[in-house]
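Here is the structure we will look at.
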Amino acid sequence: MTSREAPAAGGQSAADEAAAIAAKLVSAEEYRALLDGEERLSDWLLVDQRMIDTFAEATHDHQFIHVNPERAAAETPFGGTIAHGFLTLSLLSRLAFDALPGIVGTKMGINYGFDKVRFVNTVKSGARVRGRFRLVGLTERAVSVQSAWEATVEIEGAAKPALSAHWITLAIIEPPA
């Protein structure tokens, strides 16, 4: 299997992911129109024990509240295991992929950082989450567009979200000819 055939985010091939990105590209003018506009929602995403365990392996964070369902059920108020806060935060990239358009001419997108992140609620193993995004800031430069997003990760059926953040992304744009 070549890297072009390897599964990408969401289990699709890299070629399928590239096609999905291309289908959601908008002009710079259309992108500007998103500023202070309507919120955009992602699809729901299941956060299961396998995802939590994989994240624990990648980060070497094996605290029992994440990886030991029996002990977490017996010794925590959560009734079972919960996702790492940083796992939930890292899902913003996947959720944004579902919800947000790209700008025509973008070569790559980069996480620029966060001005604020708050972990408001726990995500229990087996819960579904989705992203809610609203563009609140936009800075255009010759070869980049910096976007500031109000980002929330909601938990299906929960009154409080998992997290809220002020997220800054950077799109590197083809230089003008």
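Just so it is clear, none of the values below were taken in a lab; they were calculated from the coordinates. All figures in this text were calculated on a predicted structure; none of them were measured in a lab. Cβ sites come from the backbone with ideal geometry, for glycine too, and all protein chains shown count toward neighbours.
Could you please report the charge total around His62, scoring K, R as +1 and D, E as -1 over all other residues with beta-carbon less than 12 angstrom from its beta-carbon?
-2
I need two numbers for the chain: Rg to one decimal and Dmax as a whole number, Cα atoms only, in Å.
17.8, 63
Which longest uninterrupted range of the chain lacks any trypsin sites (Lys or Arg not before Pro) assigned by DSSP to a loop state (not H, G, I, E or B) and surrounded by at most 13 other Cβ atoms within 10 Å?
For trypsin sites (Lys or Arg not before Pro) (loop position, at most 13 other Cβ atoms within 10 Å), the longest site-free span of the chain is 25-140.
Name the GluC sites (Glu not before Pro) in segment 133-177 that are in a loop by DSSP and that have at most 16 other C-beta atoms within 10 Å, would you?
Listed in order of number, the matching sites are Glu156.
Give the cross-link partners of Lys160 among the aspartates and glutamates, using a straight C-alpha distance below 19 Å as the criterion and excluding same-chain residues fewer than 8 apart.
Those aspartates and glutamates meeting the cut-off are Glu39, Asp43, Glu150.
List the lysines whose alpha-carbon lies under 22 Å from that of Lys107, not counting same-chain residues fewer than 8 positions away?
Within the straight-line cut-off, Lys107 pairs with Lys24.
Using a simple spin-label model with points 7 Å from Cα along the Cα→Cβ vector, what separation in nm is obtained for Val26 and Arg71?
Placing both labels 7 Å along Cα→Cβ, they lie 4.7 nm apart.
With the crude spin-label approximation of a point 7 Å out along Cα→Cβ, what separation in nm comes out for Thr59 versus Ala159?
Each label point is offset 7 Å from its Cα along the Cβ direction, giving 2.7 nm.
Cα axis of helix 49-59 to longest principal axis of the chain: angle in degrees, 0 to 90, nearest 10?
With both axes taken from Cα atoms, the answer is about 70 degrees.
Given a cut-off of under 8 Å on Cα pairs at least six residues apart, what relative contact order in percent is computed for the chain?
24
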